[in-house]
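Please see the structure below; I have some questions.
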Amino acid sequence: MTQLAADIKRWGQEIGFQQVGITDTDLGKYQENFQAWLAQHFHGEMHYMAAHGSKRYQPDELVPGTLRVISVRMDYLPADTDIPKVLQNPHVGYISRYALGRDYHKLIRKRLQQLAEKISAHIGEFGYRAFADSAPVLEKPLAEKAGLGWVGKHTNLLNRQAGSWFFLGEIYTDLPLPIDEPVKNHCGTCQACIDVCPTAAIIGPYQLDARRCISYLTIELRGSIPVELRPLMGNRIYGCDDCQLMCPWNRFAKPTQEKDFQPRHGLSSAQLVDLFNWTEEEFLQKTAGSAIRRIGYECWLRNIAVALGMRLLMRISCKPFKTSVFTHLHWFANMSNGH
């Protein structure tokens, strides 16, 4: 099995993953923290996080017979997207860098399937199931146990050679493979991610109140974004990368070589007004095959309306604005789902 584990890691890299690790199914040390996070309602309206009973932290309940988890990571950061420049321009909409290209779910699952087929061709049929942010799986704890990095103070996985700009995926398997050792936590006394969070969603080291997180507000939340948080969101209309941008370990991050993760439709620096003027048909067309589509057209308009509304309020003291325009933005910003 030692040679097979080495082969799996080599095959994974040949397929396009930057790193592959293997761990067992014991997530006991993470279970208490996860349940405490739920008990404090930090998951907000993400009710799926509380569903599925203990399957999320007991892999062999989700997929009976699971003995090991093959954990993989794949870099996604596009090169030269002028992140600071976009964030500093109130006329432009900022979209989290992971969502600029094609939806990662299908791509990673396809690669995981290829890896599983490679294993099967080598040893014959075996039990497995592949995941990419698509089931009740504790991806970051599993990746941490598999030695792909450590969970940082911002609750993202960090790697000394690659930072945090990568996706994760897993293969649950019944193969009794040798497991890898976790790496040390290298956050030290740094709290740059905590200090930079626009909405103070990182309430302490390794503690995230998702209800304040801009990624949650712009992607998971349905209905109105809390008024007190809107001025803190700036021009972020889909997700937020600030905690990653400020992390010193991301100076080692490498641009992705995956063509599917490159920006499409000019979304890396699109004008807010242009995006707000998309019809629903244009939204569906230009977000086809993108993670952005899952929020729907109304939430897309809501997010942009908040960004435009804050920009208008910043200019109110020096330039007049049309009341009808502001009313239009106010309606979208305060809309509730289905209205």
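Please treat every number below as a calculation from the coordinates, not as lab data. It should be emphasised that the depicted structure is a prediction, and the values quoted were computed from it without experimental measurement. For neighbour counting, all protein chains shown are included, and Cβ atoms are generated from backbone atoms with ideal geometry for every residue, glycine included.
How much length is gained if the chain between MET46 and ASN185 is pulled fully straight, taking 0.36 nm per residue apart and subtracting their Cα-Cα distance, in nm to one decimal? Numbers along the way, then the final one.
Working: separation 139, 0.36 × 139 = 50.04 nm, distance 2.82 nm.
47.2 nm is the gain from fully extending MET46 to ASN185.
Rounded to two decimals, what ratio of Rg to Rh does the range 1-85 give with C-alpha atoms and a Kirkwood Rh?
Values: Rg = 17.6 Å, Rh = 16.1 Å.
For the range 1-85, the value is 1.10.
Hey, could you get me the Stokes-Einstein D for the range 158-220, Kirkwood radius over alpha-carbon pairs, 25 °C and 0.890 mPa s, rounded to whole µm² s⁻¹? It would help to have the intermediate numbers written out before the result.
On the way: Rh = 14.9 Å.
Rounded, D is 165 µm²/s.
Tell me the label-point distance for the pair GLN262, ASP82, using the 7 Å Cα-to-Cβ offset, in nm and rounded to one decimal.
With each label point 7 Å from Cα toward Cβ, the separation is 1.8 nm.
Further question: As I understand it, the dipole of the chain uses +1 on the Cβ of Lys and Arg and -1 on the Cβ of Asp and Glu, about the Cα centre. Which of GLY309, GLN114, TRP165 lies farthest toward its positive end?
GLY309
So if R0 is 56 Å, what FRET efficiency would SER224 and LYS29 give, r being the distance between their Cβ atoms, rounded to the nearest 0.05?
Values: r = 38 Å, r/R0 = 0.68.
The value I calculate is 0.90.
Using a Förster radius of 30 Å, what is the FRET efficiency between ALA288 and ILE203 based on their Cβ-Cβ separation? Nearest 0.05, please. Kindly include the intermediate steps, with their values, before the conclusion.
Values: r = 37 Å, r/R0 = 1.24.
Result of the calculation: an efficiency of 0.20.
Round to the nearest 10 and give me the degree value, 0 to 90, for the angle of helix 296-315's Cα axis relative to the longest principal axis of the chain.
50 degrees
Another one. Excluding residues fewer than 8 places away in the same chain, name every one of the lysines whose C-alpha is closer than 26 Å to that of LYS140.
Cross-link targets: LYS9, LYS29, LYS55, LYS106, LYS110, LYS118, LYS153, LYS184, LYS254, LYS259.
Hey, another quick one. Evaluate 2.2 N^0.38 Å with N set to the residue count of the range 179-260, then give the Cα radius of gyration divided by it. Display every interim value, and only then the final one.
Working: Rg = 15.3 Å, N = 82, 2.2 N^0.38 = 11.7 Å.
Taking N as the residue count of the range 179-260, the ratio is 1.30.
Is any residue of the range 1-34 close enough, with backbone N under 16 Å, to a label point placed 7 angstrom from the Cα of ASP60 along the Cα-Cβ axis, and if so, which?
23-29
Report, in degrees rounded to the nearest 10, the 0 to 90 angle that the Cα long axis of helix 323-333 makes with the longest principal axis of the chain.
On a 0 to 90 degree scale, this one is about 20.
In deg cm²/dmol, rounded to 500, what helix-only [θ] at 222 nm does the chain give when every DSSP H run of at least 4 residues adds -39500 (n - 2.57) and the total is split over its residues? If you can, show how the numbers build up before the last one.
Details: 13 runs with 119 residues, N = 339.
It comes out at -10000 deg cm²/dmol, rounded to the nearest 500.
Note the angle between two axes, namely the Cα long axis of helix 2-15 and the longest principal axis of the Cα atoms of the chain, as a number of degrees from 0 to 90, rounded to the nearest 10.
30 degrees
Explain nothing, just the number: relative contact order of the chain, from Cα pairs under 8 Å at least 6 residues apart, as a whole percent.
It rounds to 23 percent for the chain.
Here's something else I'd like to know. So which trypsin sites (Lys or Arg not before Pro) in the range 144-178 are both in a DSSP loop and have at most 15 other Cβ atoms within 10 Å of their Cβ?
Numbers: sites: LYS145, LYS153, ARG160; in loops: LYS153, ARG160.
Sparse-neighbourhood loop trypsin sites (Lys or Arg not before Pro): ARG160.
Could I ask something else about it? Name the chymotrypsin sites (Phe, Trp or Tyr not before Pro) in the range 49-128 that are in a loop by DSSP and that have at most 14 other C-beta atoms within 10 Å, would you? Let's see the in-between values first.
On the way: sites: TYR57, TYR76, TYR94, TYR98, TYR104, PHE126, TYR128; in loops: TYR57, TYR76, PHE126.
Passing both the DSSP loop test and the Cβ count: PHE126.
Oh, and also: Note down, for the range 28-155, the three equivalent ellipsoid semi-axes (square root of 5 times each alpha carbon gyration tensor eigenvalue), biggest first, whole angstrom.
Values: eigenvalues 178, 108, 34 Å².
In descending order the semi-axes read 30, 23, 13 Å.
Taking every eigenvalue of the Cα gyration tensor of the range 171-320, multiplying by 5 and rooting it, what semi-axes result, largest first, whole Å? Please report the intermediate quantities before stating the final value.
Values: eigenvalues 207, 105, 49 Å².
Working from the Cα gyration tensor, I get semi-axes of 32, 23, 16 Å.
Using a simple charge model, +1 on the beta-carbon of Lys and Arg, -1 on the beta-carbon of Asp and Glu, nothing else, what dipole does the range 152-205 show about its Cα centre, in debye to the nearest 20?
Working: 3 positive and 5 negative charges, 57 e Å.
Value, rounded to 20: 280 debye.
Calculate, in nm to one decimal, what GLN13 and LYS110 gain on full extension: separation in residues at 0.36 nm each, minus their alpha carbon distance. Present the calculation step by step, with values, prior to reporting the outcome.
Working: separation 97, 0.36 × 97 = 34.92 nm, distance 1.42 nm.
33.5 nm is the gain from fully extending GLN13 to LYS110.
Which of LEU4, THR256, VAL69 sits farthest toward the positive end of the charge dipole of the chain, with +1 on the Cβ of Lys and Arg and -1 on the Cβ of Asp and Glu?
Value: THR256.
Please report, largest first and rounded to whole Å, the three semi-axes of the ellipsoid equivalent to the chain, where each semi-axis is the square root of five times an eigenvalue of the C-alpha gyration tensor. Mind dumping the intermediate values first?
Numbers: eigenvalues 280, 86, 73 Å².
Values for the chain, descending: 37, 21, 19 Å.
What would the Debye equation give as log₁₀ I(q)/I(0) for the range 129-179 at q = 0.20, 0.21, 0.25, 0.29 Å⁻¹, counting only Cα atoms as equal point scatterers?
Summing over Cα pairs of the range 129-179 leads to -0.73, -0.80, -1.03, -1.21.
Using a simple charge model, +1 on the beta-carbon of Lys and Arg, -1 on the beta-carbon of Asp and Glu, nothing else, what dipole does the chain show about its Cα centre, in debye to the nearest 20?
Details: 38 positive and 34 negative charges, 174 e Å.
Computed charge dipole of the chain: roughly 840 debye.
About its Cα centre, what dipole magnitude does the range 98-222 give when the only charges are +1 on Lys and Arg Cβ and -1 on Asp and Glu Cβ, stated in debye to the nearest 20? Write down the numbers at each step before the final one.
On the way: 15 positive and 13 negative charges, 64 e Å.
Computed charge dipole of the range 98-222: roughly 300 debye.
Dividing the Cα radius of gyration by the Kirkwood radius, what Rg/Rh value follows for the range 102-190? Can you show the working numbers first?
Values: Rg = 14.6 Å, Rh = 14.5 Å.
Across the range 102-190, the Cα-based Rg/Rh ratio is 1.01.
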